[in-house]
Each structure stands twice: as structure tokens, then as C-alpha cells.
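Structure, as C-alpha cells:
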Amino acid sequence: MEVYRRSEAQLELVGTLLSQDSLTSPILPGFAMSMEKVFV
């Protein structure tokens, strides 16, 4: 999964997640979702 974040008026690629990675968010402190739950 590719993760993009908005930087002013453009989207910027900030990472590529694999099934063993976790998705986190700078605006949701403590949030983490395992990509294994997304890619069954």
C-alpha cells in the first residue's frame, strides 16, 4: 500500500507498506493498523 500525505496543494508519497508493516498517522497519536488485517 502506498501512503500519501497532502503537502499544501499536492500529494506527497511518504511510504510503501508491505503486509508485515503497520499504518500509523501523525494526526492520530497511538493509532496503528497492521497491514496483515488489510491484506488477507
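Sort out which residues of the stretch 16-27 are out of contact with any Phe, Trp or Tyr (no Cβ under 9 Å at 6 or more places or on another chain) and surrounded by 10 or more Cβ atoms within 10 Å (Cβ to Cβ), and write them in order of number. Spell out how you get there, then give the answer.
At the first step, the residues of the stretch 16-27 found to be out of contact with any Phe, Trp or Tyr (no Cβ under 9 Å at 6 or more places or on another chain) are 16-17, 20-22, 26-27.
Hits for the stretch 16-27 are Leu17, Asp21, Ser22.
Can you tell me which of Ser7, Ser25, Ser19 is modelled with pLDDT under 95, in contact with a helix residue (DSSP H, G or I) (Cβ under 7 Å, 6 or more places away or on another chain) and on the phi < 0 side of the Ramachandran plot? I'd like the intermediate steps shown before the answer.
Values: Ser7 fails: in contact with a helix residue (DSSP H, G or I) (Cβ under 7 Å, 6 or more places away or on another chain); Ser25 fails: in contact with a helix residue (DSSP H, G or I) (Cβ under 7 Å, 6 or more places away or on another chain).
Every option except Ser19 fails the conditions.
If the Cβ limit is 6 Å and pairs must be 6+ apart or interchain, which residue in the stretch 14-40 that is free of Cβ contacts under 8 Å to residues at least 60 places away in the same chain and more than 13 Å from Val3 (Cβ to Cβ) pairs with which residue that is charged (D, E, K, R) and surrounded by 10 or more Cβ atoms within 10 Å (Cβ to Cβ)?
Ser19/Glu36
Looking at the stretch 6-37, which of its residues are among the acidic types (Asp, Glu) and in a loop (DSSP other than H, G, I, E, B)? Break it down stepwise before answering.
Narrowing the stretch 6-37 to residues among the acidic types (Asp, Glu): 8, 12, 21, 36.
Hits for the stretch 6-37 are Glu8, Asp21.
Determine which member of the set Val3, Val40 is part of a strand (DSSP E or B) and either of a type outside the set (Ser, Thr, Tyr) or exposed (fewer than 11 other Cβ atoms within 10 Å of the Cβ) (or both).
On the way: Val40 fails: part of a strand (DSSP E or B).
None of the others qualify; the one that does is Val3.
The values are calculated or read from the model by the stated rules, or taken from the named source; none is laboratory data. Just so you know, these numbers come straight off a predicted model, no measurement behind them. Here Cβ is always computed from backbone atoms with ideal geometry, including for glycine, and neighbour counts include all displayed protein chains.
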